[in-house]
Every structure is written in C-alpha cells, then in structure tokens.
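Data first, discussion second: the structure below is written as structure tokens.
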Amino acid sequence: MRHPADPKSAHEAASELGAAIADGRCSLANARLACAAIAEFSDARVEKSGLRARLCWTAMDSADAHAKAIWRAEDALRQAVRPMINSCAAKAAIEEVAGQYADILGWPRIFDILREEVARARHTARWR
C-alpha cells in the first residue's frame, strides 16, 4: 500500500526485493534490512518508520504474487507436457511447449520439471 507522498522508486525497489525473495535470491531478513535502508536514506517528506513498514508490505505482497505466478507456471507446464510425455511426443515439440514458460521459470527449473515428469511417466508405465 503506497502513501501518496512515498517515492515511487522506493516501492519499485521493494517490489524487486519481493521478486528476489520469491526466487530465493534474497532472504526475508536481508529484504527487511534493505527496506529499512531505503527508508532511512529517502528524502521523502514522510515518517521514516511508516515508509519502512509500507516498503516491507510492498516487498511481501510482491513476493507472494511472484511465488503464486511461479507456482501457476509450474502447474501449467506440468499439465501441458504430461500428456505429450505419456504419448512419447518428439523432444523438440515438448521443448517448444516448455519454452513458453522460460520467462517465468527459467530453463534450469524447466529442465528439472521435465526430468520429474519423465521419471513419473516411467514409474507409472511400469505399474500399468
């Protein structure tokens, strides 16, 4: 929640901190310290403690939204490639579908999901 007098750039930085928390690039404690530092060195005409709290809220809201987006993308990827893997589709076709999620998940995470789905398909194929 942004106060009208809060600097927009401070809240944008807090949003980036939230994305870093969700990606695992930053811890919650470090993000809180960064929000405190941003608030301390801000030249806004608002109370520093209030700005610090609002920046922390912005970071946590962003982390929650980013984590949900990652989860939705992982789920959508699994739902898209599972029938393709079960039907022994071509590797290029599977990678083309998986590439649609590269912006959100990144290729290392996509390859992990594909490995998990192939292992799941092999395991269930043994027990059919």
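Structural remarks
- Residue within segment 30-44 that is under 22 Å from the mean Cα position of the chain (by Cα), open to solvent by 80 Å² or more (accessible area, probe 1.4 Å), closer than 20 Å to Asp112 by Cβ and of a type outside the set (Lys, Arg) present: no
- Checking each residue in segment 1-25 for being among the hydrophobic types (A, V, I, L, M, F, W, C) and either part of a helix (DSSP H, G or I) or open to solvent by less than 30 Å² (accessible area, probe 1.4 Å) (or both) picks out Ala10, Ala13, Ala14, Leu17, Ala19, Ala20, Ile21, Ala22.
- When Glu40, Glu74, Glu47 are screened for being within 22 Å of Lys8 (Cβ to Cβ), touching a Lys or Arg at 6+ places or on another chain (Cβ under 8 Å) and of a type in the set (D, E, K, R), only Glu40 passes.
The values are calculated or read from the model by the stated rules, or taken from the named source; none is laboratory data. For clarity, every value in this text was computed on a predicted model and none was experimentally measured. So basically every Cβ, Gly included, is an ideal-geometry build from the backbone, and we count neighbours across all protein chains shown. The protein model used for the area step is the full one, side chains on, heavy atoms only, and it has no ligands, DNA or RNA in it. Shrake-Rupley method; radii C 1.70, N 1.55, O 1.52, S 1.80 Å.
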